[in-house]
Amino acid sequence: MLYIVDVVIGLIYLYFAFLLTYVNCHFRSIVDRVRSMVRCRKYRTTCKDCIIIFSRYPRAGTTKTRLIPTLGQDGAAYCQLLMTEHILDTVSDLVSHNTMPGGFEVEVQYKDGSPAEMEYWLGRRRQHTPGLVWAEQADGDLGNKMRTAVLRKFAQGKDNVVIIGGDIPGITQNELLEAFAKLRGKTDMVLGQAEDGGYYLVGFHKTASKYMANVFEDIEWGTSSVFQQQTKKAKLCGASLGILSTVLSDVDTEMELPEFEKEVGVRRSEVIEDSWSVVIPVLNEANGIGKTLESVVQNCSDVNNIKEVVVCDGGSTDNTRDVVREFGRTSPVIIRLIHSPPGRGFQLRSGAYEARSEYIMFIHGDSILPQNYNKAAYRCLQRPGVVAGAFQFATDLVHNQDYLPQERAMRTKLYWLEKFVEWRCGNPAELPFGDQGLFMRREMYNKVGGYPKVYLMEDVILDGSLKVFGHIGKAECGPLITSSRRWIKWGFIRITATNHFIITCYKYGIHPDTLAKWYYGDKLKKQ
């Protein structure tokens, strides 16, 4: 009877926790999206200049096909994704720091993707690029696609329209500003020459409408004489043509990959395969850290993909450090033990600072990683729109068949907690906790400022910073199993209710330092 009552109480709590989280996260998600769209629409009505980025949706097998022999289908698509994201960042910075009146509208003209895929990829970028929209490319050859795009923008009231490719990682604000300066002056058409004989930029003033029907005719697209043919055609049409001072390279073949590596800052080896630093904060974890380190080494797809494990100790008083050092003596993976002030936010930040790989994974010292976790995490980050990822939540009591009869009630409640957390980490919340692991590219970690220096809520704060730039995806593999010791020690209702109470208080403005005092009490003073 007591078992049934206990389960019912747990389910009632989960229902209200589910309701509170759903209303809070779903409502906030809808409000944020509506605000972003309204802000974008309002901003665009004042824009007289437009930047169009021609790109493909980065789908494996159809994107950057000439790079497939070198990078593989997934690597070629990922290369396209990274280049387009890099260019979008450049354009976003231009929009943010623009001092000219009116501002810039930014439109991504895409091919192969669906509207839903593009929304997932670019939707959250509106928060820091208010003029961002996207539209499917017109049919026909490249000339017709560009003609249609330009005339449509003139019809919408734009004065100047500049088109750039999504595979020109070397383009900077200087080239864009030079192009618009020429169009605002005495020229009505501008070109930026590419090293392969084509061009990386073409722009028009609205007075060019009179010759747009003919300016792209009879161009042999894809040849080394495109730039020469286009300049000749522009003069025949009577265009007042300006040429940009910088010659840039697009990235289509293996020979051009050094340009990608230099401008995007990612080595080709990191596009083909993953290279991870695993960061683990510990404090008196002597009983569990050995199993966690074993899972890092034994459950990866290849130990060569795990460049290092950074264990960050916050001042353990047991033999945690001895266990880590002993494991490192025989480990095929480099185990580095570092020290920092206590508190997960401080420890995670210190570990990330020491990490040397392009991809960083953060797990707790009582976690067991699933099989092939690194490949699943890498695939998760390759999805357009995903800026970070996490694993499915699970506890050892639920996934261990050897449990005591008195643990049956706790096991049932933890099972339903896992289901609730699984829902919460998908749409609309995308709010994984630290005990689900969190992984991302180093560039994104640095872009959002990394883990904050706080004693509590470091995972929630970082989640919020990441979601400004994109989605937090879920690794398609087994769950990351965490210890259920705190639920067993303190009780399901107390731990779960406390966690959600703390999150709710933070959502309504209570500072993390205050919440840490509530949560840790006298233990925080000792630290």
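Please treat every number below as a calculation from the coordinates, not as lab data. Since the model is a prediction, treat every value here as computed from it, not as a measurement. Note: ideal-geometry Cβ built from the backbone for every residue, glycine included; neighbour counts use all protein chains shown.
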(message) Rounded to the nearest 20 debye, what is the charge dipole size of the chain about its Cα centre when +1 sits on each Lys and Arg Cβ and -1 on each Asp and Glu Cβ?
(response) 1780 debye
(message) From the phi angles alone, apply the Karplus equation (6.51, -1.76, 1.60; θ = phi - 60°) to segment 389-397 and give each ³J(HN,Hα) in whole Hz, x where the residue is Gly or Pro.
(response) x, 8, 9, 5, 7, 7, 10, 5, 5
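Arrange LEU244, LEU81 by Cβ neighbour counts within 10 Å, fewest through most, would you? All intermediate terms of the calculation are to be shown ahead of the outcome.
On the way: LEU244 20, LEU81 26.
Fewest to most other Cβ atoms nearby, the residues stand as LEU244, LEU81.
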(request) Compute the Rg to Rh ratio over segment 184-236 from the alpha carbon atoms, using the Kirkwood formula for Rh, and round to two decimal places. (result) 0.96
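Treat segment 174-268 as a sphere of radius equal to its Kirkwood radius over Cα pairs and apply Stokes-Einstein at 37 °C in a medium of 0.692 mPa s; give the translational diffusion coefficient in µm²/s, rounded to a whole number.
Details: Rh = 14.3 Å.
Calculated translational D: 229 µm²/s.
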(request) Anything over 21 Å Cα to Cα? Flag those among LYS158/LYS235; LYS111/LYS262; LYS111/LYS375; LYS64/LYS145; LYS48/LYS233; LYS419/LYS517, in the order listed. (result) LYS158/LYS235; LYS111/LYS262; LYS111/LYS375; LYS48/LYS233; LYS419/LYS517
(request) Take the Cα pairs of the chain, get the Kirkwood Rh, then feed it into Stokes-Einstein at 4 °C and 1.567 mPa s and tell me D in µm²/s. (result) 51 µm²/s
(request) Provide the FRET efficiency to the nearest 0.05 for the GLU443-ASN144 pair, computing r from the beta carbons and using R0 = 25 Å. (result) 0.10
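Taking N as the number of residues in segment 139-198, what is its alpha-carbon radius of gyration divided by 2.2 N^0.38 Å? If you can, show how the numbers build up before the last one.
Working: Rg = 12.6 Å, N = 60, 2.2 N^0.38 = 10.4 Å.
Compared with the compact-globule rule of thumb, segment 139-198 sits at 1.21.
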(request) Scan segment 114-192 for trypsin sites (Lys or Arg not before Pro) in coil per DSSP, keeping those whose Cβ has at most 10 other Cβ atoms within 10 Å, and list them by number. (result) LYS186
(message) Checking the cross-link filter: which aspartates and glutamates have an alpha carbon closer than 15 Å to that of LYS447, excluding same-chain neighbours under 8 positions apart?
(response) GLU85, ASP89, ASP93, GLU358, ASP463
(request) Report the one residue of TYR120, PHE216, TYR506 whose Cα lies farthest in the direction of the positive end of the charge dipole of the chain (charges on C-beta: Lys and Arg +1, Asp and Glu -1; origin at the Cα centre). (result) TYR506
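Take the alpha carbon atoms of segment 290-331, find their radius of gyration, then divide it by 2.2 N^0.38 Å using N residues; give the quotient. Mind showing how you got there, number by number?
Values: Rg = 11.2 Å, N = 42, 2.2 N^0.38 = 9.1 Å.
Dividing the Cα Rg of segment 290-331 by 2.2 N^0.38 Å gives 1.23.
Rounded to the nearest 5, what % of the DSSP beta bridges within segment 273-494 are antiparallel ones?
25 percent
With a cap of 11 neighbouring Cβ atoms within 10 Å, and only residues DSSP puts in a loop, list the chymotrypsin sites (Phe, Trp or Tyr not before Pro) found in segment 468-520. Please list the in-between numbers first.
Details: sites: PHE469, TRP487, TRP490, PHE492, PHE501, TYR506, TYR508, TRP518, TYR519, TYR520; in loops: PHE469, TYR508.
Here the sparse-neighbourhood loop sites are TYR508.
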(request) Would you mind calculating the relative contact order of the chain from Cα pairs under 8 angstrom and at least 6 residues apart, reporting the percent as a whole number? (result) 14 percent
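Once the convex hull of the alpha carbons of segment 47-264 is built, what does its volume come to per residue, in cubic angstrom?
Numbers: hull volume 25.1 nm³, N = 218.
Per residue, the Cα convex hull of segment 47-264 comes to 115 Å³.
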(request) Could you please state, rounded to a whole Å, how far the C-alpha centre of segment 226-289 is from the C-alpha centre of segment 455-484? (result) 28 Å
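What is the antiparallel percent of DSSP beta bridges lying wholly in segment 109-250, to the nearest 5? Numbers along the way, then the final one.
On the way: 10 of 16 bridges.
So the antiparallel bridges amount to about 60 percent of the total.
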(message) If neighbour count is taken as other Cβ atoms inside 10 Å, put ILE163, ILE51 in order from fewest to most.
(response) ILE163, ILE51
(message) Tell me the mean residue ellipticity at 222 nm calculated for the chain from its helices only (DSSP H runs of n ≥ 4, each -39500 (n - 2.57), averaged over every residue, nearest 500).
(response) -14500 deg cm²/dmol
(request) Could you list which residues have their amide H under 5 Å from that of LEU132, counting only those 5 or more apart in sequence or on another chain, with H placed in the peptide plane? (result) VAL106
(message) Report the Cα-based extents of segment 273-494 along its three principal axes, largest first, to the nearest Å.
(response) 47, 43, 34
(request) Pop a pseudo-label 7 angstrom from the Cα along the beta-carbon direction at both GLU476 and GLU326 and give the gap in nm to one decimal. (result) 4.1 nm
(message) Give the aspartates and glutamates reachable from LYS232 as a straight Cα distance under 17 Å; neighbours fewer than 8 places away on the same chain don't count.
(response) ASP188, GLU217, ASP218, GLU220
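Using Cα-Cα distances under 8 Å and only pairs 6 or more residues apart, what relative contact order does segment 430-527 have, in percent?
Across segment 430-527, relative contact order equals 30 percent.
Expressed as a rounded percentage, what relative contact order does segment 47-264 have, with Cα pairs under 8 Å and six or more residues apart?
Details: 384 pairs, mean separation 49.2, N = 218.
Computed over segment 47-264, the figure is 23 percent.
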(message) Using a Cα-Cα cut-off of under 17 Å, which lysines could be cross-linked to LYS413, ignoring same-chain neighbours fewer than 8 residues away?
(response) LYS489
(request) Quick one: grab Rg to one decimal and Dmax as a whole number for segment 236-329, Cα atoms only, in Å. (result) 24.2, 82
